[in-house]
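The values are calculated or read from the model by the stated rules, or taken from the named source; none is laboratory data. Since the model is a prediction, treat every value here as computed from it, not as a measurement. Ideal geometry is used to build each Cβ from the backbone, glycine not excepted, and the neighbour counts take in all protein chains shown.
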Amino acid sequence: MNAIELKDVTKKYKKFQLDHLNLTLPAGCILGLIGENGAGKSTTIKLLLDMIQGDGGTITLLGQEHTKCNKEDIGVVMDEVNFPDCLTTKNVGSIMKDVYRNWQQDKFEELVEQLDLPMKQPFKEFSRGMKMKLGIAVALSHQAKLLILDEATGGLDPVVRDEVLDLLLDFTREENHSILMSSHIVSDLEKVCDYIAFLKKGRLLLCEEKDMLYEQYGMVRCTAEDMKVFAEDAVIGKRESAYGVEAIVKKDRIPAGWETSPVNIEELFVLMAKEGR
């Protein structure tokens with residue numbers, strides 16, 4: 001069973017359109033959603049969570065139509081975590097026991113300690129990073145099967161981000177646990193994701209297994225004149241300077257004899273995003 005399936009999903013706004021999006025997240029995997037601001041990442045997540053209605057296509061979560069699935073099976077952390085200003089971490093834990101039937105208070109307290117959150121400080125005094133950590137602790141404490149995270153590592157220092165990523169990896173050790181996460185911190189996605197999806201201006205440019213991206217694409221450095229021997233569909237994106245050209249290419253589409261160097265996900269994203277501007 002797939003954790004998420006989007007088929008021909010469309011959402012139209014006055015100046016933006018999410019255009020026939022097809023996206024699949026297999027159960028037990030982590031999918032990283034990458035795109036510039038305005039690419040459609042948050043629109044996609046809001047559609048999944050039934051926060052907005054689409055104009056076409058179908059969405060399935062955990063094998064059910066997304067409006068009918070058990071919301072307790074989904075843990076959510078948006079780019080802004082909001083609790084009433086007066087609540088403390090201890091208060092939040094007490095309230096969540098009455099919100100979620102499968103609430104695990106012991107798990108919550110363990111995560112709070114691990115993430116170094118104060119139990120008695122009011123939420124209004126939390127930094128952005130502390131707010132995000134509290135949201136993550138709640139999302140991981142009610143036996144969710146699917147986590148949907150929108151910039152959930154934003155505002156965290158590198159050490160805490162690393163701890164959170166380890167928590168996410170631990171979460172998916174159970175084969176029926178899956179995660180969709182968007183982030184501008186591409187190195188985070190590169191560390192934990194099994195699949196990477198690129199959105200640009202409402203269109204899905206690609207969605208592939210991360211390891212396949214490393215196999216299929218490479219970096220070529222050459223002169224602008226040398227670039228002319230490459231077929232147009234061989235070049236995914238390029239950067240030109242006075243020193244020559246750096247290009248992301250499909251390895252199986254370039255002429256024999258050319259050597260490529262490994263490409264990381266951030267380079268792939270940046271050059272793909274620039275292509276066509």
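Sort through ILE59, ILE45, ILE95 and tell me the only one that's in contact with a strand residue (DSSP E or B) (Cβ under 6 Å, 6 or more places away or on another chain), among the β-branched types (Val, Ile, Thr) and assigned to a helix (DSSP H, G or I).
The match here is ILE45.
Please work out which residue is nearest to ASP166 (Cα to Cα), limiting yourself to the range 98-125 and to residues that are assigned to a loop (DSSP other than H, G, I, E, B) and under 26 Å from the mean Cα position of the chain (by Cα).
That would be LEU115.
Here's the yes/no breakdown for (1) more than 17 Å from GLU5 (Cα to Cα); (2) touching a residue at least 12 places away in the same chain (Cβ under 8 Å); (3) buried (at least 16 other Cβ atoms within 10 Å of the Cβ):
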site: THR43; (1), (2), (3): no, yes, yes
site: GLY54; (1), (2), (3): no, yes, yes
site: LYS71; (1), (2), (3): no, no, no
site: ILE74; (1), (2), (3): no, yes, yes
site: LYS97; (1), (2), (3): yes, no, no
site: ASN102; (1), (2), (3): yes, yes, no
site: LYS107; (1), (2), (3): yes, yes, no
site: LEU115; (1), (2), (3): yes, yes, yes
site: PHE126; (1), (2), (3): yes, no, yes
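State whether the residues of the range 126-139 include one that is over 28 Å from ILE265 (Cα atoms), assigned to a loop (DSSP other than H, G, I, E, B) and more than 18 Å from the chain's Cα centre (by Cα).
yes
Of all residues in the range 140-156, count the ones that are modelled with pLDDT of 95 or more and either over 18 Å from the mean Cα position of the chain (by Cα) or not charged (D, E, K, R) (or both).
Number satisfying all stated conditions: 9.
Take VAL81 and decide whether it is within 26 Å of LEU169 (Cβ to Cβ), of a type in the set (Val, Ile, Thr), in a loop (DSSP other than H, G, I, E, B) and within 23 Å of the chain's Cα centre (by Cα).
yes
Quick check: is even one residue across the range 194-212 among the β-branched types (Val, Ile, Thr) and farther than 30 Å from THR172 by Cβ?
No; the residues of the range 194-212 include none that is among the β-branched types (Val, Ile, Thr) and farther than 30 Å from THR172 by Cβ.
Condition test on GLY202, is it at positive phi, within 20 Å of the chain's Cα centre (by Cα) and surrounded by 15 or more Cβ atoms within 10 Å (Cβ to Cβ)?
Against the criterion (at positive phi, within 20 Å of the chain's Cα centre (by Cα) and surrounded by 15 or more Cβ atoms within 10 Å (Cβ to Cβ)), GLY202 qualifies.
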